[in-house]
Amino acid sequence: MVSSLDTHVGTERKVITDLPGPKSQALHARRKAVVSSGLSVGFPVYIDRAEGAIVVDVDGNQLLDLGSGIAVTGIGHAVPALVEAVSEQVARFTHTCFMVNPYESYVEVCEALSDLTPGTFAKTSALFNSGAEAIENAVKIARLATGKPAIIVFEHAYHGRTNLTMALTAKNMPYKDRFGPFAPEVYRVPMSYPFRDGLSGPDAAARAIKIIESEIGVHNVAAVLIEPIQGEGGFVVPADGFLPALSAWTSANGVVFIADEIQSGFARTGEWFAVNHEGVVPDLITTAKGLAGGMPLAGVTGRAELMNAVHEGGLGGTYGGNPVAAAASLATIQTIKDWNLLERATAIGETMRTTLEHLAKDVSIIGEVRGRGAMQAIELVEPGTKTPNAAAAKAILAFCQQQGVITLLCGTDGNVLRLLPPLIISDEQLADGLAVVSAGVRSVQ
Ligand SMILES: Cc1ncc(COP(=O)(O)O)c(C=O)c1O
């Protein structure tokens with residue numbers, strides 16, 4: 001069934017028109033008439049099909065994908081196991097609503113989540129459609145289970161765009177500006193950001209904990225919610241010891257530790273979850289993105305006593321854990337295992353790191369190279385300083401786009417270029433992409 005589809009694409013980057021090409025430009029003109037201008041336009045090249053690490057646009061340009069649709073298609077595009085699982089499920093049934101008539105694949109995804117997430121205690125999960133929805137539900141669960149209202153979040157955090165998750169997200173433009181009022185009982189404390197604060201992990205944790213204790217009060221705090229590596233906020237990797245110190249403090253104080261692994265989870269960093277790098281065991285973990293290889297699926301997984309504290313009917317939604325998305329998730333998890341993608345993510349990370357660190361020695365606009373595994377970034381600064389240089393980041397992104405390489409920006413100041421290649425990218429493709437990124441950096445230096 002799958003092989004009869006005319007989807008085969010090559011493995012090489014090939015730009016045959018100006019980008020965007022004429023067909024993309026025509027589609028973009030149509031879009032402007034009917035799609036809200038509130039949605040940003042990263043790169044108006046319209047996609048026709050994709051395979052592995054190559055995305056083909058409507059003009060026939062073959063682009064190299066170093067973004068994975070923002071860390072979603074970690075196993076690559078059109079992976080046969082996923083295509084087959086999804087196609088088969090679509091033919092069997094597409095929807096019943098798990099709360100009306102349940103089905104096995106939902107249970108299987110929850111079994112896999114119990115198995116893969118850290119912690120040997122009894123766990124249960126609930127499935128949703130998007131990362132923001134998972135975060136909303138994790139907060140609901142933590143508040144109900146503890147009977148306390150306050151949620152602690154961090155500077156530079158990104159947790160979504162719904163009303164509650166806007167409150168949890170740090171950056172105003174473009175995510176929050178004039179969309180308030182926002183949900184109450186959300187308190188922001190400083191993140192560990194070694195490049196900018198120079199603090200050790202334990203010292204940065206002590207700084208955050210002091211604020212929580214003196215300004216919010218432990219007895220009011222339901223949860224500490226943190227991305228173990230910040231995504232949209234700039235691929236900020238906290239200093240070693242920060243996450244363990246926070247986790248220890250939450251355990252000692254009856255506070256729920258929620259790890260938002262929506263961007264950093266599912267093999268991206270070379271472990272199933274980024275918290276594993278420091279042996280941290282969260283009470284609740286939120287997942288989405290890489291969980292289902294491109295189908296919309298999200299989850300909250302955690303200690304059974306917290307997850308099951310909720311009254312029957314307190315969690316749910318029409319589409320959450322949709323059977324097609326669940327089938328995609330099971331195929332994704334199996335593919336990560338079959339193709340040893342944890343090891344591959346580590347190897348990709350080493351290659352990216354070596355190339356970028358070598359480049360950083362030659363130029364004065366890279367303030368820091370950071371990340372874990374196949375989640376690496378460069379923070380661009382004014383030459384020889386730590387002043388954020390968003391213009392350089394934008395120029396490098398545009399250079400890469402013109403060469404047919406998809407990269408992404410992030411950071412509170414928009415000055416971080418991030419790389420999230422699919423984990424099935426070949427060594428040749430990765431070398432090609434890194435050569436383009438390096439040329440882009442040199443071109444603006
Ligand atoms: C860490 C993190 N949390 C939450 C979200 C929100 O996920 P979604 O866009 O699926 O609502 C994102 C999305 O980028 C994210 O990176």
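The values are calculated or read from the model by the stated rules, or taken from the named source; none is laboratory data. Keep in mind that what you see is a predicted model, and the values were worked out from it rather than measured. Cβ sites come from the backbone with ideal geometry, for glycine too, and all protein chains shown count toward neighbours.
Taking residue 152 as the residue in question, decide whether it is away from the ligand (no atom under 13 Å from the Cβ), part of a helix (DSSP H, G or I), out of contact with any His (no Cβ under 9 Å at 6 or more places or on another chain) and β-branched (Val, Ile, Thr).
Details: away from the ligand (no atom under 13 Å from the Cβ): yes; part of a helix (DSSP H, G or I): no; out of contact with any His (no Cβ under 9 Å at 6 or more places or on another chain): yes; β-branched (Val, Ile, Thr): yes.
No; evaluated as a whole, the condition is false for this residue.
Considering segment 156-178 alone, what residues qualify as being over 17 Å from the mean Cα position of the chain (by Cα) and either within 15 Å of the ligand (Cβ to nearest atom) or not in a loop (DSSP other than H, G, I, E, B) (or both)? Step through it out loud before you land on a result.
So in segment 156-178, the residues over 17 Å from the mean Cα position of the chain (by Cα) come out as 163-164, 167, 172-174, 176-178.
Passing the criteria: 163, 164, 167, 174, 176.
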Legend entry - Residue in segment 346-364 that is among the acidic types (Asp, Glu), in contact with a strand residue (DSSP E or B) (Cβ under 6 Å, 6 or more places away or on another chain) and part of a helix (DSSP H, G or I) present: yes
Legend entry - Tabulated pairs, segment 281-308, first touching a residue at least 24 places away in the same chain (Cβ under 8 Å) and crowded, with 24+ Cβ neighbours inside 10 Å, second of a type in the set (Lys, Arg) and in a strand (DSSP E or B), C-beta under 7 angstrom, 6+ apart or interchain: 283/303; 301/123; 302/123
Inset, instruction - Considering each residue of segment 126-146, count those that are surrounded by 21 or more Cβ atoms within 10 Å (Cβ to Cβ), more than 13 Å from the ligand (Cβ to nearest atom) and more than 11 Å from residue 316 (Cα to Cα), and give that number. - result: 3
Legend entry - Residue pairs meeting the criteria (Cβ under 8 Å; at least 6 apart or on separate chains; first on the phi > 0 side of the Ramachandran plot and of a type in the set (S, T, N, Q), in segment 214-234; second more than 9 Å from the ligand (Cβ to nearest atom) and assigned to a strand (DSSP E or B)): none
Legend entry - Matching residues in segment 110-149 - criterion: being part of a helix (DSSP H, G or I), within 28 Å of residue 85 (Cβ to Cβ) and over 19 Å from the mean Cα position of the chain (by Cα): 110, 111, 112, 114, 115
Inset, instruction - Could you check, for segment 364-373, whether at least one of its residues is in contact with a Ser or Thr (Cβ under 8 Å, 6 or more places away or on another chain) and charged (D, E, K, R)? - result: yes
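Among residues belonging to segment 46-75 that are at negative phi and in contact with a His (Cβ under 9 Å, 6 or more places away or on another chain), point out the one that is surrounded by the fewest Cβ atoms within 10 Å (Cβ to Cβ).
Going residue by residue through segment 46-75, those that are at negative phi are 46-51, 53-59, 61-67, 72-75.
Adding the requirement that they be in contact with a His (Cβ under 9 Å, 6 or more places away or on another chain) leaves 46, 49-51, 53-55, 65.
Numbers: 46: 18, 49: 16, 50: 22, 51: 19, 53: 26, 54: 24, 55: 24, 65: 25.
Taking the candidates together, the pick is 49.
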Inset, instruction - Please list, ordered by first then second residue, the pairs with beta carbon atoms under 9 Å, 6 or more apart or interchain, first in segment 109-135 and closer than 17 Å to residue 325 by Cβ, second of a type in the set (Lys, Arg) and within 9 Å of the ligand (Cβ to nearest atom). - result: 131/289; 132/161
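Matching residues to (1) within 16 Å of the ligand (Cβ to nearest atom); (2) charged (D, E, K, R); (3) farther than 26 Å from residue 417 by Cα:
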{"position": "49", "(1), (2), (3)": "no, yes, no"}
{"position": "56", "(1), (2), (3)": "no, no, no"}
{"position": "59", "(1), (2), (3)": "no, yes, yes"}
{"position": "62", "(1), (2), (3)": "no, no, no"}
{"position": "68", "(1), (2), (3)": "yes, no, no"}
{"position": "82", "(1), (2), (3)": "no, no, yes"}
{"position": "98", "(1), (2), (3)": "no, no, yes"}
{"position": "101", "(1), (2), (3)": "no, no, yes"}
Legend entry - Close pairs (6 angstrom Cβ cut-off, 6 or more residues apart or separate chains): in contact (Cβ under 8 Å) with a residue 12 or more places away in the chain and among the polar types (S, T, N, Q) in segment 243-263, surrounded by 17 or more Cβ atoms within 10 Å (Cβ to Cβ) and not in a helix (DSSP H, G or I) anywhere: 247/257; 247/280; 250/224; 250/257; 263/231
Legend entry - Checklist (1) in a strand (DSSP E or B); (2) over 20 Å from residue 301 (Cα atoms) applied to residue 192, failing item: (1)
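So which strands (runs of 3 or more DSSP E) stay within segment 206-320 end to end and still have 2 or more residues that are away from the ligand (no atom under 12 Å from the Cβ)? Let's see the steps before the verdict.
Details: elements: 221-226, 256-260, 284-287, 298-303.
It comes to 221-226, 256-260, 298-303.
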Legend entry - Residue in segment 106-120 that is within 16 Å of the ligand (Cβ to nearest atom) and out of contact with any Asp or Glu (no Cβ under 9 Å at 6 or more places or on another chain) present: no
Legend entry - Cross-chain or 6+ apart pairs with Cβ under 6 Å, segment 159-176 first and modelled with pLDDT of 95 or more and among the small types (Gly, Ala, Ser), then part of a loop (DSSP other than H, G, I, E, B) and more than 12 Å from the ligand (Cβ to nearest atom): 167/182; 167/183; 170/155
Legend entry - Residue under evaluation residue 398, criteria (1) at negative phi; (2) over 23 Å from the mean Cα position of the chain (by Cα), criterion not met: (2)
Inset, instruction - Go through segment 255-296 and give me each residue that's within 20 Å of residue 136 (Cα to Cα) and of a type in the set (Gly, Ala, Ser). - result: 259, 264, 265, 288, 290, 292
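Does residue 367 satisfy the condition of being surrounded by 15 or more Cβ atoms within 10 Å (Cβ to Cβ) and farther than 24 Å from residue 443 by Cβ? Outline the logic, then answer.
Values: surrounded by 15 or more Cβ atoms within 10 Å (Cβ to Cβ): yes; farther than 24 Å from residue 443 by Cβ: no.
No, not satisfied.
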